[in-house]
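Before any comments, here is the structure.
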Amino acid sequence: MNVLGQRFEGARVLDLYAGSGALALETLSRGAARATLVENASVALRCIEANVAALGCGDRVEIHRGDALAMLAADNRMYDFVFADPPYASRALMAIALAAAPRLVERGRLTVEHDRREDAPALVGALVRMDDRRYGDTAVAIYGLAADLR
C-alpha cells in the first residue's frame, strides 16, 4: 500500500480475488470513496462480509461472488485502482492486465500480486509496468496506462 502513496482520497477501487478484503478495506481507511470486491470462494466471501460489518463500511462496499475476469468483462465502470491477487497457479497476470486496462481512469493503477517466477512484462497492451517488487516467492507488479506517460 505504501508503494502507491497516499493517493486514495475519493478513489474508486476494484479488488479482484479479494480474499479477506484487506486490500480494498485498507484503501477505504485511507480515504477511498468506494470499493468493489470480487471473490469466488464461499469461505472468503463470509470473511469479507464479516470484515465489512466489523468496520461498519457496508455503505461504501459492493461484494460480488464470481470470476474476476468475467466481472471485468461485464463491468463498464471505471476505477482509480484495481488490485488482483489471483491464485499463483493460474498465471493470470497477462489476462488480468489486458482485461483491467479499459477499466482504469487516467493515472489509474493496476497492482497484481504473482509468483516471482511469472514474468511481469514491461508492456501489456495499453499498460506499462511502473514498478515491480519481490518479497520471497511473491512479486507485485504495478501498471499504469502508457498514455499517462506522455
Q. Do the conditions hold for E49, that is, is it within 23 Å of N76 (Cβ to Cβ) and in contact (Cβ under 8 Å) with a residue 12 or more places away in the chain?
A. no
Q) If T27 passes every condition in (1) closer than 20 Å to G144 by Cβ; (2) hydroxyl-bearing (S, T, Y); (3) without any contact (Cβ under 8 Å) to a residue 60 or more places away in the chain; (4) outside any helix (DSSP H, G or I) but one, which one does it miss? A) (4)
Q: Please go through segment 134-150 and pick out each residue that is without any contact (Cβ under 8 Å) to a residue 12 or more places away in the chain and either buried (at least 18 other Cβ atoms within 10 Å of the Cβ) or part of a strand (DSSP E or B) (or both).
A: Y135
(Q) Looking at segment 77-104 only, could you name the residues that are assigned to a loop (DSSP other than H, G, I, E, B) and charged (D, E, K, R)? (A) R77, D85, R91
(Q) Would you confirm, using the coordinates I've provided, whether R107 is at positive phi and either assigned to a strand (DSSP E or B) or exposed (fewer than 13 other Cβ atoms within 10 Å of the Cβ) (or both)? (A) yes
Q. What do you reckon, is G144 out of contact with any helix residue (DSSP H, G or I) (no Cβ under 9 Å at 6 or more places or on another chain) and more than 24 Å from R77 (Cβ to Cβ)?
A. no
Q. Restricting attention to segment 30-45, does a residue exist that is touching a residue at least 40 places away in the same chain (Cβ under 8 Å) and more than 11 Å from the chain's Cα centre (by Cα)?
A. yes
Q) Within segment 63-78, can one find any residue that is surrounded by 21 or more Cβ atoms within 10 Å (Cβ to Cβ) and β-branched (V, I, T)? A) no
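Taken together, the values in this text are just the output of simple stated rules run on the coordinates, not laboratory data. Here the structure is a predicted model, which means the values were calculated and not measured. Heads up, the Cβs are rebuilt from the backbone with ideal geometry, glycines too, and the neighbour counts pull from every protein chain shown.
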